[in-house]
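Reviewing the structure listed below.
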Amino acid sequence: MPSHLAFLERDFPDKETYTHPFIFEAVAPLDPKLVERAVGCVLEHHESLRICFPKDQGTYRVQVQERFERTPFTSVDLSALDPAAQKVAFQRLDAALHRKLDFANGPLLHVALVKFGPDRPDTLIVVVHHQLMDNSSWDVLMEDIQAAYTALAAGNQPQLEPPTSSFAAWARNLDRLARSPELDADAAYWTALAKRPVPHWPLDHEGGEDCMSTEESVVIGLDVEETAALRLAMRRAYGLSVNEALLAATLRGFTEWSGQSSVIVDMVARGRELGGDELDLSRAIGRFSMTSPRLLEVPEEGGARALLDSVAAQLEAVPRKGLGFGLLRYIGARPGAAEALAPLGKPHILLNNWGDFDNVVEESPVLGPPIEDAWPMPKLQRMHRLMIDCRVYSGALRVGFRFSRNLNERASIERLAGLVEATLRTLVRPEGR
């Protein structure tokens, strides 16, 4: 599928290590044996969690394993260590958990339970490969792990909600769509767009290694009242989301910062919309999300209203909210399409909206909300020069700008982030509305 193919196209070494770990503190002490059984129940329930990517004669394919020899679960007891030693041991789990993932044979998920003793809550670490599932799938995964654990703790057999339409059914729909004349208009739009000049990314340093160990972050945000006002203003005035408001702010900020007149941004879309009316994907787990570029021109003059009018018009012109791009670029049903769209294939900026982060784990007797300080693998190659993460915590918008210090000075990214934040604040109450 497009996300899988885009990832495999880059041919990264150590593919297993492209993961996203979430860390959760338990509400009460957890039984390791029951956690292991709960994880096993969820793996059996969702076949897409058993996906792996074997390579045959130089070509990767997607395969679903019937089962794994062992449940991907580890229990670690650090209660005998002092706090300083606990911290070191906890950090060492980083490489150990990533080594447990197997890109070719699976599993591409691993759960670890860490016990610190009576003075600190048990901690659950859930490591999932980027190609196994998307942001929206986290809700379903954690809901089901907790439901299975709660049932087992009560002495009952877990009765998880029946799965909805499968990832495989969605993939078949995409393949059909990619080969149909429905995408003719999409192909015309993207081919024309690919002929336009693409803005460059200004570097402060040339030739530095661009890996995760060099990554730093600048964070901006709005308070609860400002976030609510922004949402209301965007919805009422333009039918736009906070994500699209952030895109408009990024356009204004980047063009002022770089001295260019346009920006190209990879945007992450849910992708489930391509399932069609016949598929219910509300409780499906999989890598449905896909990225597609937005090449936007900044209006020559005017304030917040002119900016939003221009961005709204440019976004409205994008067919199928951009979801056709990946089908054309990666599935290869149209001769020459992949080559024609290649100039749009690797934007320097990624905009990823995680939504309301508090909802990854709703109020539960098992786990609290996720803790932020999950770690990446230090040697991973970064996929974009700038990764913008948009999240809402407790009703307040927070935006992180992740960059490599080998390529850009912190002061430079702070200036860019400040310009984006200033524009966001003007969008809370665009003039003339």
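Scanning segment 243-273 for residues that are closer than 17 Å to D389 by Cβ and aromatic (F, W, Y) yields one hit, F254.
Let's see how each residue does on (1) under 25 Å from the mean Cα position of the chain (by Cα); (2) in a helix (DSSP H, G or I); (3) at pLDDT below 90:
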position	(1), (2), (3)
V114	no, no, no
E143	yes, yes, no
L160	no, no, no
P163	yes, no, yes
V198	yes, no, no
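State all residues of segment 47-68 that are touching a Gly at 6+ places or on another chain (Cβ under 9 Å) and of a type in the set (G, A, S); if no residue qualifies, say none. Residue satisfying the conditions is S48 alone. Any idea how many residues of segment 45-88 are out of contact with any Leu (no Cβ under 6 Å at 6 or more places or on another chain), buried (at least 17 other Cβ atoms within 10 Å of the Cβ) and in a helix (DSSP H, G or I)? Of the residues in segment 45-88, 3 are out of contact with any Leu (no Cβ under 6 Å at 6 or more places or on another chain), buried (at least 17 other Cβ atoms within 10 Å of the Cβ) and in a helix (DSSP H, G or I). The set of residues in segment 311-327 that are in contact (Cβ under 8 Å) with a residue 60 or more places away in the chain and surrounded by fewer than 23 Cβ atoms within 10 Å (Cβ to Cβ) comprises A312, L315, A317, V318, P319, R320. Of all the residues in segment 44-96, those that are touching a helix residue (DSSP H, G or I) at 6+ places or on another chain (Cβ under 6 Å), within 27 Å of P158 (Cβ to Cβ) and of a type outside the set (A, V, I, L, M) number 5.
Restricting attention to segment 175-189 and to residues that are in contact (Cβ under 8 Å) with a residue 60 or more places away in the chain and part of a helix (DSSP H, G or I), the residue that is farthest from the chain's Cα centre (by Cα) turns out to be A185.
Being among the hydrophobic types (A, V, I, L, M, F, W, C), under 23 Å from W354 (Cβ atoms), surrounded by fewer than 16 Cβ atoms within 10 Å (Cβ to Cβ) and out of contact with any Asp or Glu (no Cβ under 8 Å at 6 or more places or on another chain): is that true of F12 here? So that I can check it myself, show each step before the final result.
Details: among the hydrophobic types (A, V, I, L, M, F, W, C): yes; under 23 Å from W354 (Cβ atoms): yes; surrounded by fewer than 16 Cβ atoms within 10 Å (Cβ to Cβ): yes; out of contact with any Asp or Glu (no Cβ under 8 Å at 6 or more places or on another chain): yes.
Yes.
T227 passes all but one of (1) at pLDDT below 95; (2) buried (at least 17 other Cβ atoms within 10 Å of the Cβ); (3) within 20 Å of the chain's Cα centre (by Cα); which number fails? Against the list (1) at pLDDT below 95; (2) buried (at least 17 other Cβ atoms within 10 Å of the Cβ); (3) within 20 Å of the chain's Cα centre (by Cα), T227 comes up short only on (3). Here segment 10-23 is the region considered, the condition is being of a type in the set (D, E, K, R) and within 18 Å of the chain's Cα centre (by Cα), and the residue that is farthest from T71 (Cα to Cα) is R10.
Does segment 149-160 contain at least one residue that is in contact with a strand residue (DSSP E or B) (Cβ under 7 Å, 6 or more places away or on another chain), under 30 Å from L93 (Cα atoms) and buried (at least 18 other Cβ atoms within 10 Å of the Cβ)?
Of segment 149-160, the ones in contact with a strand residue (DSSP E or B) (Cβ under 7 Å, 6 or more places away or on another chain) are none.
No; the residues of segment 149-160 include none that is in contact with a strand residue (DSSP E or B) (Cβ under 7 Å, 6 or more places away or on another chain), under 30 Å from L93 (Cα atoms) and buried (at least 18 other Cβ atoms within 10 Å of the Cβ).
Looking at A6, A26 in this structure, which one is among the aliphatic types (A, V, I, L, M) and over 22 Å from the mean Cα position of the chain (by Cα)?
None of the others qualify; the one that does is A26.
Among the criteria (1) in contact with a Lys or Arg (Cβ under 9 Å, 6 or more places away or on another chain); (2) in a loop (DSSP other than H, G, I, E, B); (3) crowded, with 16+ Cβ neighbours inside 10 Å, the one G208 does not fulfil is (3). Residues being assigned to a loop (DSSP other than H, G, I, E, B) and in contact with a Ser or Thr (Cβ under 8 Å, 6 or more places away or on another chain) are represented in segment 240-261 by at least one member.
Return yes or no: is P299 out of contact with any Pro (no Cβ under 6 Å at 6 or more places or on another chain) and either in the same structural domain as L246 (by TED's automatic domain parsing) or not in a helix (DSSP H, G or I) (or both)? It would help to see each step written out before you state the result.
On the way: out of contact with any Pro (no Cβ under 6 Å at 6 or more places or on another chain): yes; either in the same structural domain as L246 (by TED's automatic domain parsing) or not in a helix (DSSP H, G or I) (or both): yes.
Criteria met by P299.
Starting from residues that are under 26 Å from A28 (Cβ atoms) and among the acidic types (D, E), keep the ones in segment 116-140 and report whichever is modelled with the highest pLDDT. Here the residue is D122.
Please work out if A169 is surrounded by 15 or more Cβ atoms within 10 Å (Cβ to Cβ) and over 25 Å from the mean Cα position of the chain (by Cα). It is false that A169 is surrounded by 15 or more Cβ atoms within 10 Å (Cβ to Cβ) and over 25 Å from the mean Cα position of the chain (by Cα). For A192, the conditions (1) without any contact (Cβ under 8 Å) to a residue 40 or more places away in the chain; (2) not assigned by TED's automatic domain parsing to the domain that holds I413 are fulfilled apart from (2).
Please work out which residue is modelled with the lowest pLDDT, limiting yourself to segment 376-392 and to residues that are crowded, with 16+ Cβ neighbours inside 10 Å and farther than 15 Å from N352 by Cβ. So that I can check it myself, show each step before the final result.
First, pick out the residues of segment 376-392 that are crowded, with 16+ Cβ neighbours inside 10 Å: 376-377, 380, 382-392.
Those still in the list that are farther than 15 Å from N352 by Cβ too: 377, 380.
Values: M377: 63, L380: 75.
My answer is M377.
The values are calculated or read from the model by the stated rules, or taken from the named source; none is laboratory data. These figures come from a predicted structure and were not determined experimentally. Don't worry about glycine lacking a Cβ; one is built from the backbone with ideal geometry, like all the others, and counts go over all protein chains shown.
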